[in-house]
Amino acid sequence: MSNLPVIGFLGLGHMGLPMAINLHRAGYKLKGFDVVPAAVQAATEAGIETVDSGADAAKGVDIVLTMFPSGQHVLDAYRSYLLDTAAPNTLFLECSTIDVAQAREAAELAVAAGHRSADAPVSGGVVGAEAGTLTFMLGAEAADLAEITAVLEHMGKRIVHCGGHGSGQAAKICNNMLLGISMIGAAEAFVLGERLGLEHQALYDVISTASGQCWSVTTNCPVPGPVPASPANRDYQPGFAAALMAKDLGLASSSLEHTDTDAQMGALAAALYRKFSDEGNAGTDFSGIINAVREGTL
Ligand code: NAD
């Protein structure tokens, strides 16, 4: 018999399935569930034990892990069946990317129901989920850290404890707000460079070693050539889809409003990515926004 905790794993989508597979390979007993039958079937085919309902995934487990599209999905599942079904003191590990206020509400609900809670959103995308190299941003009580880290380290290579409940989500959206702003800045710099007669490689060689240096240039460069692995070299296939950047910037906007923060660049990046995504580019890598900058259609 294994001493590892039993994990109810809900949400077996693009991210959840590879994360669940890594836990399964590490020897954890999972009770997997998704509302989409094809997702359940894919998990079964990967050797993961699956159950017939969300409530069943919370029965007889030590940890309930959720990887859902939005905060509303999380709150609905918590309220409708997860919190009531789980045994007292279950650890609710919420890994979706959701609004900070909703993350804090979910944690309050879990604690009020006699459970423990942590938010642990991720960065690293599907590639990182498959490779087990995600970064987890953790909002959790210090007393639960060792137990949480022992599980997360099978799915990620870096775990940053950001503070109490909601702090993981807060760190995630602050990072992604900066990423959205910096990618638009990188796109504008390369388009201006083109019009001033600069070769992409020449401008890259300067920026990548000068004060404009940033991840949007050195890793996810929006023009093909200088960084062979960047999505620009494969017609902007994601990578990190524009729809997900628009979602995260929407969450950042909501937090800007809640906190009465005057962040004009973040608000503008949110509006520009929403437009870019809605105008037929939802599945394009977010660096593809350079084409809209070049065409003047943003
Ligand atoms: P996805 O839509 O592929 O997967 C979400 C899954 O949750 C779906 O299969 C859906 O059917 C399932 N689901 C919804 N409600 C459910 C319920 N009540 N019970 C069981 N299953 C339910 O999304 P994804 O790309 O896997 O992303 C999941 C989360 O991770 C999102 O919050 C996203 O913002 C975040 N994220 C995604 C990426 C990425 O690159 N895809 C990167 C970082 C973070």
Return the total of residues in the range 57-86 being acidic (Asp, Glu) and either within 11 Å of the ligand (Cβ to nearest atom) or within 26 Å of LEU251 (Cα to Cα) (or both). 1
Quick check on my filter: what residues within the range 203-262 are small (Gly, Ala, Ser) and within 18 Å of the chain's Cα centre (by Cα)? SER216, GLY239, ALA241, ALA242, ALA243, ALA246, GLY250, ALA252, SER253, SER254, SER255
Among the residues of the range 76-95, write down those that are in contact with a helix residue (DSSP H, G or I) (Cβ under 6 Å, 6 or more places away or on another chain) and among the polar types (S, T, N, Q). THR85
Condition check: crowded, with 18+ Cβ neighbours inside 10 Å and within 30 Å of ARG25 (Cβ to Cβ). Does SER216 satisfy that? no
Taking the range 136-157 as the search range and keeping residues that are under 18 Å from ALA103 (Cα atoms) and assigned to a strand (DSSP E or B), which one is farthest from the ligand (Cβ to nearest atom)? ALA140
Residue count, the range 69-87 (criterion: surrounded by 15 or more Cβ atoms within 10 Å (Cβ to Cβ) and over 11 Å from GLN102 (Cα atoms)): 7
Conditions first: (1) within 25 Å of LEU4 (Cα to Cα); (2) in contact with a strand residue (DSSP E or B) (Cβ under 7 Å, 6 or more places away or on another chain); (3) within 14 Å of the ligand (Cβ to nearest atom). ALA129 passes all but one, so which condition is the exception? (2)
Quick check, is GLY114 more than 12 Å from the chain's Cα centre (by Cα), crowded, with 17+ Cβ neighbours inside 10 Å and more than 11 Å from the ligand (Cβ to nearest atom)? no
In the range 233-268, anything more than 12 Å from ILE173 (Cβ to Cβ), away from the ligand (no atom under 13 Å from the Cβ), open to solvent by less than 90 Å² (accessible area, probe 1.4 Å) and aliphatic (A, V, I, L, M) is listed as ALA267
Out of curiosity, is ILE48 among the β-branched types (Val, Ile, Thr), buried (at least 21 other Cβ atoms within 10 Å of the Cβ) and more than 10 Å from the ligand (Cβ to nearest atom)? yes
Every residue in the range 20-41 that is more than 10 Å from the ligand (Cβ to nearest atom) and either of a type outside the set (Ser, Thr, Tyr) or open to solvent by 70 Å² or more (accessible area, probe 1.4 Å) (or both), please. ALA20, ILE21, ASN22, LEU23, HIS24, ARG25, ALA26, GLY27, LYS29, LEU30, LYS31, GLN41
VAL293 vs. criteria without any contact (Cβ under 8 Å) to a residue 60 or more places away in the chain and either buried (at least 20 other Cβ atoms within 10 Å of the Cβ) or not charged (D, E, K, R) (or both): no
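The values are calculated or read from the model by the stated rules, or taken from the named source; none is laboratory data. Treat the numbers as computed from the prediction; the structure is a model and nothing was measured. Ideal geometry is used to build each Cβ from the backbone, glycine not excepted, and the neighbour counts take in all protein chains shown. Surface accessibility is based on the protein's heavy atoms, side chains included, excluding ligands, DNA and RNA. Shrake-Rupley method; radii C 1.70, N 1.55, O 1.52, S 1.80 Å.
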